[in-house]
Structure formats: C-alpha cells, structure tokens
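Trainee: To start, I am sharing the structure in question, which I have written as structure tokens.
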Amino acid sequence: MALEAPASPQSTRHHAGVNRGDRAWNGLLLGLGLAVLALAAVIIGMLLHASQPLWKAMSPWQFLKSTDWDPANDSFGALPFIYGTLVTSGLALLLAVPVGLGLSIFLTELAPKQLRPFVAFGVELLAGIPSVVYGLWGLFTLAPLLREHVQPFLAKVLGPIPGIGALFRGAPLGLGFLSAGVILAIMILPTICAVTTEVVKTVPLPLREASLALGATRWEMVRLSVLPYSKAGILGAVLLGLGRALGETMAVTMVIGNNPEIHASLFAAGYSLPSVIANEFAEATDASHTAALASLALVLFAITFLMNAGARVLVRRSKHTAGAHG
Amino acid sequence: MNAYAGRKVVNLVMMVLCGLAALGALLPLGSVLWLVVSHGVAGLNFTFFTALPKPVGEAGGGVGNAVVGTLQIVALACVIGLPLGVGAGVFLAEKGDSALGNAVRFTAEVLSGVPSIVVGIVAYGLVVVPMKRFSAIAGAVALAILMVPTLARGTEELVRLVPRSIREAALGLGVPEWKTSLRVVLRTALGGVATAALLAIARATGETAPLLFTALNNQYWNVRPDQPTASLTVQIFNYAISPYDDWHQKAWSAALVLLLLVGGLNLTARALTRNRLKGAR
C-alpha cells in the first residue's frame with residue numbers, strides 16, 4: 001500500500017520523521033567524535049595555561065637544563081627529573097624487551113597448546129594489577145631483595161670494571177634507579193608481550209613452512225622468517241612499552257627514593273617527572289611552584305605523545321603490510 | 001653433520017632461554033599475588049570494611065570510607081565517561097571511514113597513552129581551581145578522561161564485528177539508519193561493549209595518581225560529591241609510605257581488597273566474553 005501511494009500526506013510526514021531521526025543521530029555521533037578531538041585540545045590547552053606563569057620568570061631552555069630544584073627558593077630545574085625518567089625507562093626496556101620477546105616466542109611457537117591459555121592468562125593478570133599494588137610490593141619485597149642480595153653482588157662483580165663499573169658503585173640503598181627500573185620492567189612486560197604476540201601471529205604460515213621445509217631449526221625459523229617479518233610491529237610494541245614506562249607514577253614514586261639529584265650509579269636515589277608531580281602538586285601553595293610542576297607535566301606529555309604517535313604509526317604500518325601479504 | 005649439531009645446540013639454547021623468559025615473567029606475578037594474599041589476609045575482618053581509619057597506635061580501624069569513596073568516584077566517572085567513550089566508539093565504527101574518522105581514531109589512540117598523572121593536572125585545572133576545593137567530582141572527571149579513549153577504541157572494534165548482513169537486513173526492511181544503528185547493530189554488540197566498559201571500569205578503580213590532587217583524601221564518611229573523598233588506592237599509598245608497621249599491615253589488607261575488586265571486574269569481563277563467543281558459535 002505504501003508503494004501505491006507515495007505522495008499521501010501521512011507517508012511524507014513519515015519520511016520527514018525518518019530524515020529528522022537520521023539527521024539527529026548523525027549529528028549526535030559527529031558531536032561525540034569531535035568531543036575526542038576537543039578532549040585533546042583541552043588537555044594541551046590546560047597544560048599550556050597552567051605552566052604559563054613560569055615562563056615569565058625563566059625561559060623554557062633554562063628550565064630544561066637547570067639541575068637545581070628548590071621550590072622554597074623559587075629555583076626550578078627539570079633536568080634531574082628528565083634524567084631519572086629516561087634512566088629508569090631505559091633500564092626497564094633493557095630488561096623487559098628480551099624477556100617480552102622470549103615470552104612471545106614461547107607463547108606463539110613453543111608452548112604446548114594446552115599450556116598457552118594459562119600463560120596468556122597470567123600475563124593478562126600481570127597487566128591488571130594496579131600500579132599502587134606494584135609499588136607496595138616493590139617497597140617491601142623488591143627493594144630489600146635488591147639491597148641485600150642483588151646490589152652487593154653487582155657491586156662485587158661489575159663494580160671494579162672501568163667504564164660500566166660506575167653504574168654499580170655506592171652504598172646499596174635498595175630504593176633508587178635500579179629498583180624503579182626493575183619494577184617498570186615488570187609493569188611494561190604485558191604491554192610488550194601482548195602487542196608482539198599479536199604482530200607475530202600475523203606472520204603467514206607459508207613463510208614459516210618455507211623455512212622449515214628448507215631444513216631450518218625452530219629457532220632459525222623464528223630468526224629468519226618470523227622476526228624480520230614483524231620487525232616494525234615489534235619496534236612499535238617497544239615504543240608503546242616505553243610510553244607506559246615514562247608516564248608510570250605510583251610504583252616509581254614508591255621505590256625511586258625521591259631525591260632530585262643526578263648520579264651515575266644505578267644504586268643512587270633519584271626522582272622522575274611523574275613522581276615529583278605526585279609528591280608535590282597537592283602541597284604546592286606557591287603559584288610558581290604549581291606552574292613549575294605543570295611545566296614538568298607538559299614535558300612529560302610531550303615525550304609520551306611523541307612516543308605513542310610513533311608507536312601507533314609503526315604498529316599500523318606493520319599490520320597493513322601483514323594484511324597485504326596475508 | 002657437525003654444522004647441523006651446532007645448529008641444533010643453538011636451537012636448544014634459544015628455546016630454553018624463551019622458556020626461562022616465560023618463567024621469569026610469571027615469577028613476579030606469583031610473588032605479588034602470594035604476598036598480597038598472605039600479608040593481607042591477617043588484617044581482614046568485618047570491621048575493616050565498616051570502620052573509619054584510626055590514628056596511629058589505636059587498634060582496629062578500617063577502610064570503610066575509602067571503599068565507599070572509590071565506588072562513588074568510579075560511579076561518577078562512569079556517568080561522565082561511559083556515554084562519551086561508547087558514543088565516540090560508535091562514531092568511529094559507523095562514520096569512521098573518513099579523514100575526520102581517521103583523525104579521531106589517531107587522537108584516541110594517542111590519548112590512551114597520556115600518563116594518568118598528567119590527566120590529574122588537567123582535571124585539577126578544570127574542576128578543582130574553579131570550585132576552589134578538592135572533590136569527588138574532580139577525581140571522577142580525571143578518571144572519565146582516562147576512560148574515554150580506550151573505551152572508544154574498544155567499542156569501535158566490537159561494533160565493527162557485527163556482520164554487515166545484519167545491518168543490511170534491517171536497512172532492507174526499511175528501518176531508518178539511526179534505528180538500525182541503535183536497535184540492531186548496537187544491540188548485537190552489547191555484550192562486547194559491556195566487556196569493554198567493565199575493563200575500563202576495572203582500570204579506573206585501580207588508578208591512584210589522578211586522584212592524588214583531585215579527590216585528595218578524607219578521614220571521615222562522606223557522600224557529598226563536592227567534598228574531598230577517600231579512595232582505596234590513595235589510602236594504600238598513604239599507608240605504605242608511612243613509617244608505621246601497623247599502617248603497613250593495613251596497606252597490605254587494603255591492597256587485597258583492591259585486588260579482589262579489580263580482579264572481580266576483570267574476571268566478570270572475561271566470563272562475559274566467553275559466553276558471547278559461545279553464543280556466536
């Protein structure tokens with residue numbers, strides 16, 4: 001009947017209603033999409049606004065290269081925090097990347113089929129533990145372990161070596177760069193493992209079969225077929241892990257020692273960008289102190305933003321090539 | 001023959017190393033879980049969930065107000081964050097194949113990596129400064145900002161899983177586009193979206209850093225959302241860094257409560273996914 005009378009008033013009204021509904025729905029969705037862009041703008045705008053007062057007192061360059069942090073005397077330097085953040089995150093990568101890669105290879109190539117879900121579940125659990133719980137564990141379990149056993153051992157074995165020995169000298173405090181690096185490594189391991197596993201799974205079966213058919217051992221198959229194919233994706237996974245490590249706050253705050261100084265030794269107590277914000281922001285009453293902390297947040301945001309943007313581009317590109325091949 | 005033996009040895013060594021890596025990764029997990037449970041259980045009793053924190057030296061006391069505060073802040077964060085995040089995800093799935101869609105997707109991905117402490121400063125500027133006081137609302141805004149990007153990406157992936165044929169069937173029957181999206185496509189993806197939402201809620205429940213200078217803390221019962229509010233995570237942090245053994249014990253017990261809460265949410269999400277997959281099969 002509707003087909004026979006397309007021009008009846010009722011049908012026209014019905015169609016107008018449909019269009020209005022669709023228009024409203026499209027408008028709503030568009031608004032929600034734009035809200036994400038607005039959110040990014042608000043975050044950047046708020047950080048710039050909050051750090052503004054500091055730039056009247058000192059130039060950004062001065063702020064970045066000064067090593068003196070003394071809020072009581074209006075002296076603000078970001079370098080000790082940038083140093084601490086980079087050293088602990090670098091250490092975390094050094095520890096977590098080989099372990100994460102090995103774990104991924106174990107999960108995708110090695111483990112018996114029945115065992116895989118359990119290991120994967122364990123890794124997922126590891127990712128789900130709140131960072132303050134890691135901090136608690138780090139403070140009362142990891143730090144004493146490092147202080148009493150690991151640090152004396154490292155100092156004895158590696159300390160006398162010229163060059164890298166400088167990293168392992170000084171009193172074994174437990175709390176410091178080393179503890180923070182180790183706990184960060186544990187925390188970013190699930191990220192690195194999850195993304196790497198996903199990328200490694202996209203390696204086409206014929207590629208693996210080809211190297212096995214040519215007489216490659218299992219490891220040679222991994223080294224010659226799997227790893228080269230997923231290179232870009234693995235690099236993306238590493239960058240994602242690095243992004244997480246740079247911004248991790250609570251666990252690091254609880255074990256890094258909270259000391260705004262630069263030391264070569266990994267045993268020394270240090271400080272990181274997120275930790276100083278966590279410790280001092282709520283108590284900062286002085287306008288310039290607040291602005292200095294907001295500026296540190298801006299530096300942190302800039303570093304993690306670049307890291308994440310790079311990682312996403314790499315992961316996307318590697319998935320893209322994988323899709324084209326598969 | 002000799003070269004082959006060498007290659008086999010290399011293979012064996014590398015495979016053993018990979019196995020050790022897996023073991024090494026699971027060791028901290030076992031240690032964390034075991035210590036939280038074994039230390040935490042000692043302090044758990046009924047009053048731990050119902051009492052207010054006591055000053056140092058006084059026996060008893062609990063984290064009742066912190067449990068309530070966490071639930072309150074997270075619930076408020078859901079009110080703000082869930083519609084925004086899920087909505088943005090639906091936008092990406094339905095209208096996301098455009099230049100604007102790509103820009104929104106990329107922004108959401110990059111925003112999901114913004115450190116939570118930075119988001120705390122943003123929420124401080126947005127809510128605490130104009131209100132001139134710390135509040136549960138400020139904490140909720142911080143958590144909501146953290147929820148939106150991950151939730152948007154998760155929702156998009158799940159909505160995209162709905163087969164085209166279902167959508168085409170609805171459109172072919174003359175159902176308007178908006179009704180198809182809402183009543184057919186979203187309805188089909190509902191289980192998955194609920195999983196994504198639960199995971200986002202679990203993550204928000206475990207956050208500490210963005211609450212430190214937004215919700216702050218509170219030693220007393222509080223139900224008003226415009227007042228400073230206690231949370232389990234901040235309470236654990238304060239107890240842990242204190243110099244008192246008694247409070248350290250409380251930190252472990254509170255950590256156990258937090259793990260049960262977060263773990264429960266995660267496991268529920270997993271169970272939902274499994275049922276959904278079973279249904280699909």
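The values are calculated or read from the model by the stated rules, or taken from the named source; none is laboratory data. Please read these numbers as outputs of a predicted model, since none were measured by experiment. Ideal geometry is used to build each Cβ from the backbone, glycine not excepted, and the neighbour counts take in all protein chains shown.
Trainee: Please verify whether B:Leu126 is of a type in the set (A, V, I, L, M), within 7 Å of chain A (Cβ to nearest Cβ) and farther than 14 Å from A:Phe301 by Cβ, treating the condition exactly as stated.
Mentor: yes
Trainee: In addition: Being under 30 Å from A:Val299 (Cβ atoms), surrounded by 24 or more Cβ atoms within 10 Å (Cβ to Cβ) and more than 10 Å from chain A (Cβ to nearest Cβ) is true for just one of B:Ile117, B:Ile73, B:Ile145. Which residue is that?
Mentor: Every option except B:Ile73 fails the conditions.
Trainee: With touching a Pro at 6+ places or on another chain (Cβ under 8 Å) and among the β-branched types (Val, Ile, Thr) as the only criterion, which of B:Val56, B:Val63, B:Val13 stands out?
Mentor: The match here is B:Val63.
Trainee: Return yes or no: is B:Val68 among the aliphatic types (A, V, I, L, M) and in a helix (DSSP H, G or I)?
Mentor: For B:Val68, the condition - among the aliphatic types (A, V, I, L, M) and in a helix (DSSP H, G or I) - is met.
Trainee: Among the listed residues B:Gly113, B:Gly139, B:Gly154, B:Gly120, which satisfies the condition of being within 21 Å of A:Gly45 (Cα to Cα) and modelled with pLDDT under 95?
Mentor: B:Gly113
Trainee: Then there's this: Among what's in the range A:39-61 and is free of Cβ contacts under 8 Å to residues at least 12 places away in the same chain and more than 29 Å from B:Val141 (Cβ to Cβ), pick the residue that is nearest to the chain's Cα centre (by Cα).
Mentor: A:Trp61
The rows are residues; the columns are (1) farther than 27 Å from A:Pro190 by Cβ; (2) of a type in the set (Ser, Thr, Tyr); (3) at pLDDT 95 or above.
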residue: A:Ala245; (1), (2), (3): no, no, yes
residue: A:Ile256; (1), (2), (3): no, no, yes
residue: A:Glu261; (1), (2), (3): yes, no, no
residue: A:Ala297; (1), (2), (3): no, no, yes
residue: A:Phe301; (1), (2), (3): no, no, yes
residue: A:Asn308; (1), (2), (3): no, no, no
residue: A:Ala311; (1), (2), (3): no, no, no
residue: A:Leu314; (1), (2), (3): no, no, no
residue: A:Arg317; (1), (2), (3): no, no, no
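Trainee: Here is a further query. I need the full set of residues from the range B:175-222 which are of a type outside the set (S, T, N, Q), more than 9 Å from chain A (Cβ to nearest Cβ), surrounded by fewer than 21 Cβ atoms within 10 Å (Cβ to Cβ) and not in a helix (DSSP H, G or I), in order please.
Mentor: Residues satisfying the conditions are B:Val175, B:Tyr220, B:Trp221.
Trainee: Tell me, please, whether a residue that is more than 11 Å from chain A (Cβ to nearest Cβ), within 29 Å of A:Leu189 (Cβ to Cβ), part of a helix (DSSP H, G or I) and under 25 Å from the mean Cα position of the chain (by Cα) can be found in the range B:29-40. Give the steps one after another, and end with the answer.
Mentor: Of the residues in the range B:29-40, the ones more than 11 Å from chain A (Cβ to nearest Cβ) are B:37-38.
Subsequent filtering for residues that are within 29 Å of A:Leu189 (Cβ to Cβ) retains B:37-38.
Still in the running and part of a helix (DSSP H, G or I): B:37-38.
The next check asks that each one be under 25 Å from the mean Cα position of the chain (by Cα); those that pass are B:37-38.
Within the range B:29-40, one or more residues are more than 11 Å from chain A (Cβ to nearest Cβ), within 29 Å of A:Leu189 (Cβ to Cβ), part of a helix (DSSP H, G or I) and under 25 Å from the mean Cα position of the chain (by Cα).
Trainee: I'd like the full set of residues that are within 11 Å of chain B (Cβ to nearest Cβ) and of a type in the set (Gly, Ala, Ser), limited to the range A:195-235.
Mentor: A:Gly215, A:Ala216 - these are the residues of the range A:195-235 that are within 11 Å of chain B (Cβ to nearest Cβ) and of a type in the set (Gly, Ala, Ser).
Trainee: Can you name the condition, by its number, that A:Gln114 falls short on among (1) more than 30 Å from B:Ile121 (Cα to Cα); (2) within 14 Å of another protein chain (Cβ to nearest Cβ); (3) of a type outside the set (D, E, K, R)?
Mentor: Result: A:Gln114 fails condition (2) only.
Trainee: Another question, if that's okay. Do the conditions hold for A:Leu189, that is, is it over 14 Å from B:Leu29 (Cβ atoms) and under 20 Å from the mean Cα position of the chain (by Cα)? Don't jump to the end; show me each part of the working.
Mentor: Values: over 14 Å from B:Leu29 (Cβ atoms): no; under 20 Å from the mean Cα position of the chain (by Cα): yes.
Judged against the criteria, A:Leu189 is not a match.
Trainee: State the number of residues belonging to the range B:133-174 that are outside any helix (DSSP H, G or I) and either under 17 Å from B:Ile121 (Cα atoms) or in contact (Cβ under 8 Å) with a residue 12 or more places away in the chain (or both).
Mentor: Final tally of qualifying residues: 5.
Trainee: Tell me, yes or no, whether the range A:74-81 has at least one residue that is in contact with a strand residue (DSSP E or B) (Cβ under 7 Å, 6 or more places away or on another chain) and either over 29 Å from A:Val226 (Cα atoms) or at pLDDT 95 or above (or both).
Mentor: no
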